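Take a look at the structure set out below.
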Amino acid sequence: MLLDTGPLVALLDRSEHNHARCVTFFKEFRGRLVTTEPVLTEAMYLLGPDIAGQRACLRFIIQGGAVLIPSTAKTLSRCLALMEQYRDIPMDFADATLVALAEEIGITEVFTLDVKDFNIYCLREKKTFTIYPKSFR
């Protein structure tokens, strides 16, 4: 399952209003979360500038909370096409990397708080995302 920025921040920041719901989902989830470096960067920015939040974020990745998948030139080309396709929304770079990654590895499930946008984004062949946690719909 893809891991988006919102839940990553909510998992680590107890003051975030979705913290309890994201922690509950994460504890019950059985599988592997994957994410991208732009998602990590966005989360680090939102958890900063205090080093404590940034430390927690890096430790979450280091300790296996999610697998960090680097982008390739092919991925970046697809991101550009996606950002152009969804320029009216607009699609940000972190979301584009998640959609491109989903297409590359065949994932259609996403752990996100960005329900509005991920309900719009389509994968190749018009496949749509299954959004978790379901209670956010």
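The values are calculated or read from the model by the stated rules, or taken from the named source; none is laboratory data. Remember, it's a predicted structure, so these values are computed and weren't measured experimentally. Backbone-built Cβ (ideal geometry, glycine too); neighbour counts: all protein chains shown. Surface areas here come from the heavy atoms of the whole protein model, side chains and all, with no ligands, DNA or RNA. Shrake-Rupley method; radii C 1.70, N 1.55, O 1.52, S 1.80 Å.
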Expected sort for 31-38, 77-84 on mean C-beta neighbours within 10 Å, highest first, is 31-38, 77-84
To the nearest 20 debye, the chain has a Cα-centred charge dipole, built from +1 on Lys and Arg Cβ and -1 on Asp and Glu Cβ, of 460
Going residue by residue through the stretch 92-108, the Karplus relation 6.51 cos²θ - 1.76 cosθ + 1.60 with θ = phi - 60° gives ³J(HN,Hα) values, rounded to whole Hz and with x marking Gly or Pro, of 7, 4, 4, 4, 4, 5, 5, 5, 4, 4, 4, 5, 5, 10, x, 9, 10
Nearest 10, in degrees from 0 to 90: the angle of helix 51-62 to the longest Cα principal axis of the chain is 60
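Could you tell me what percent of the accessible area of the chain is made up of carbon and sulfur, with a 1.4 Å probe and every protein chain present?
Values: 4080 of 7550 Å².
Of all accessible area on the chain, carbon and sulfur atoms account for 54 percent.
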Interchain or sequence-distant (5+) residues whose placed amide H lies within less than 5 Å of the amide H of E109 are L2, T130
Rounded to the angstrom and largest first, Cα extents along the principal axes for the chain equal 38, 30, 27
